[in-house]
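To keep things clear, I will list the structure first and then write my remarks on it.
Values in this text are rule-based calculations from the coordinates and carry no lab data. Just so you know, these numbers come straight off a predicted model, no measurement behind them. Here the Cβ positions follow ideal geometry from the backbone for every residue, glycine too, while neighbour counts run over all protein chains shown.
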4 protein chains.
Amino acid sequence: MVERIPQDPGYESKVRESFARQQHMATLGAAIEYLAPGAVDISLPFADRFCQQNGFMHAGAIASAADSANGYAAYTLSPPGTDVLAVEFKINLLAPAQGPGFLACGRVLRPGRTLTVCQAEVFTTGPGERALVAVMLSTLIVRPIPHLKS
Amino acid sequence: MVERIPQDPGYESKVRESFARQQHMATLGAAIEYLAPGAVDISLPFADRFCQQNGFMHAGAIASAADSANGYAAYTLSPPGTDVLAVEFKINLLAPAQGPGFLACGRVLRPGRTLTVCQAEVFTTGPGERALVAVMLSTLIVRPIPHLKS
Amino acid sequence: MVERIPQDPGYESKVRESFARQQHMATLGAAIEYLAPGAVDISLPFADRFCQQNGFMHAGAIASAADSANGYAAYTLSPPGTDVLAVEFKINLLAPAQGPGFLACGRVLRPGRTLTVCQAEVFTTGPGERALVAVMLSTLIVRPIPHLKS
Amino acid sequence: MVERIPQDPGYESKVRESFARQQHMATLGAAIEYLAPGAVDISLPFADRFCQQNGFMHAGAIASAADSANGYAAYTLSPPGTDVLAVEFKINLLAPAQGPGFLACGRVLRPGRTLTVCQAEVFTTGPGERALVAVMLSTLIVRPIPHLKS
């Protein structure tokens, strides 16, 4: 129904280059685990230094991975010469962020020339049943790159 | 109109103790700058290691400070023996997160026995006019502390 | 993974009775088209009197159907003697709300004793390919019915 | 800090003309009570036919007034030849929507060339203390009018 055909044949390399420049992802130990047109999964290991007062990963750390997953999912579909920025997002925290690690799966719900809407689900990883930790709904803007430099 | 009378006379010490246990805040270099019934301001210094691909602070880092500001604003009004957890939040990113630092100002909009709603504004700090970088609307749940341990 | 077993064997009749008491649904001409544990679909016919300035259905009319679909999806799973109220919702409007009618499909993402999180998708109906018009993410509170009367 | 200077000298008449074309507002009995650059207040009378199962106004009816208040607040600041559409909104329902009527007060938080962010508060009206019933945070897109016709 909705087209998931990348307009930029170099979509994979541009996503990986941009991700490598996101120092916040390196700081969190996050990595791209899956990349396809309209879809990016990012892993986030559990780490005490990003926890809140009860020893769960802070909502802001979980949101960081989900926001980047949605942003790069949108970026796979954006035309050459454009960048993608989050305009806003909403996240529901569904279960305590415990366990060895997390996977944030970002998907494009509706690609657009100016605005793209994405949804991410964040699951626990490791042995045992995975749990749905969070869901995020994001609006992103697609902008010509010179615009960003101004 | 809305009461901002703390139910816990030890509200200040409980907030500071809980904040001290949020390792994520220490990792970000965040600090409580203001604390009153229904209001908490948290400072967040700019740091390259929490930036996104354009050299602005990552939305997840800004969201971390705003989420904690709202959470602790709610916590100042929660009864003794309770803790506060974010259920969900929505953040609008209004301007690039540049500059020497940021201040996330969390305020209680409506305190409740079970649910509290807060709003945070995040401003740039430093010389020159401050800019409104982000606004967050959060729903938080007030729960008996034993519940959290189960 | 997540249980979708109704705790109230009379879930279907309680949903239909409550829906019949929602005068707003009758005013909009909305009807329940599908009802199962954790899932409710509500149809909404197009009508000029609920339109905005460009002749599309007003976002508030679309949101009304999606909010009720999520609320009743949550209500199918709530225990006997409880009611369900929306705490908050966020809706993304993905395409102009044109066409002969709409179907709002509400689904429970995570049922809970106190809070339930639901997601609704709103599609166009009628001849031709259906279009995704809106997506809504909602938080709902499950409360004992006497509480509502106080 | 943020400029609230209308770019269109005819901002008031264009808002009132557009509002008059929103049949949904007439159906709800809503009216513009206040209009200034970056600010629009809309009244909404209580009516049984827009209520939910407990006799409170349906969240979708409250959201309709708040969405239009935010949309028209944004429209007061948009340049000549443009229209404004809601991209998304999030609403927190803070108290039961009871009473003789409501006032939805929409305000521009950040005007922009492409995107404008607004916030609305909805209060009860009538005798006695007003209550804050809901708060809405909205993202709106400013588009050339021919674009809307395509």
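Dipole of the protein assembly as shown, Cα-centred, from +1 at each Lys and Arg C-beta and -1 at each Asp and Glu C-beta, to the nearest 20 debye? Numbers along the way, then the final one.
Values: 48 positive and 48 negative charges, 0 e Å.
The calculated dipole for the protein assembly as shown is roughly 0 debye.
Inter-copy label distances at D:Gly55, shortest first and taken from points set 7 Å along Cα to Cβ: 4.2, 4.9, 6.3 nm.
Taking beta carbons within 10 Å but only from partner chains, what does the mean come to for residues A:66-75? Walk me through the numbers before you get to the answer.
Numbers: counts 1, 7, 5, 0, 0, 4, 1, 0, 0, 1.
Averaged over the peptide's residues, the number is 2.
Summarising the amide proton neighbourhood of B:Gly101: residues at separation of 5 or more, or on other chains, whose placed amide H is nearer than 5 Å comprise B:Phe46, B:Thr125.
How far, in degrees from 0 to 90, does helix A:11-21 lean away from the longest principal axis of the Cα atoms of chain A, to the nearest 10? Taking Cα atoms only, the helix is inclined about 50 degrees. Label point of C:Ala47 set 7 angstrom out along Cα-Cβ; within segment D:59-82, amide nitrogens under 19 Å from it belong to D:59-65. Would you mind getting me the FRET efficiency between B:Ser13 and B:Arg113? Use the beta-carbon distance for r and R0 = 30 Å, nearest 0.05. E between B:Ser13 and B:Arg113, to the nearest 0.05, is 0.85.
Relative to the longest principal axis of the Cα atoms of chain C, the long axis of helix C:59-76 makes an angle of roughly 30 degrees.
Backbone phi angles across segment D:26-33, fed through the Karplus curve with coefficients 6.51, -1.76 and 1.60 (θ = phi - 60°), yield HN-Hα couplings of 5, 4, 7, x, 7, 9, 7, 9 Hz in residue order; Gly and Pro are listed as x.
In nanometers and ordered shortest first, the copy-to-copy spacing of the A:Ala20 label point, defined 7 Å from Cα toward Cβ, is 4.4, 6.1, 6.6. Measuring from each Cβ of chain C to the axis carrying C onto D, the nearest residue and its distance in whole Å come out as C:Lys90, 2.
Which value, in debye to the nearest 20, gives the size of the charge dipole of chain A about its Cα centre, when Lys and Arg are +1 and Asp and Glu are -1 at the Cβ?
Details: 12 positive and 12 negative charges, 65 e Å.
For chain A, the charge dipole is close to 320 debye.
Across peptide A:92-105, the average count of Cβ atoms from other chains found within 10 Å of a residue's Cβ is 3. Dimensions of the protein assembly as shown from C-alpha coordinates, computed as largest minus smallest value along each principal axis and given longest first, are 54, 53, 45 Å.
If you take all other residues with their beta carbon under 12 Å from the beta carbon of B:Thr82, and give Lys and Arg +1 and Asp and Glu -1, the sum is +1.
Taking Cβ atoms as reference points and 11 Å as the exclusive limit, the residues near C:Leu103 contribute a net charge of -2, counting Lys and Arg as +1 and Asp and Glu as -1. Across the identical copies, the 7 Å label point of A:Gly81, projected outward along Cα→Cβ, sits 2.2, 6.6, 6.7 nm from its counterparts, in ascending order. Net charge of the neighbourhood of C:Arg21, taken over other residues with C-beta under 12 Å away and scored Lys/Arg +1, Asp/Glu -1, is -1. Within 10 Å of the Cβ of each residue in C:134-145, the mean number of Cβ atoms contributed by other protein chains is 3. Any chance you could check the Cα centroid distance between segment B:1-34 and segment C:1-67 for me, in angstrom? So the two Cα centres are separated by 41 Å.
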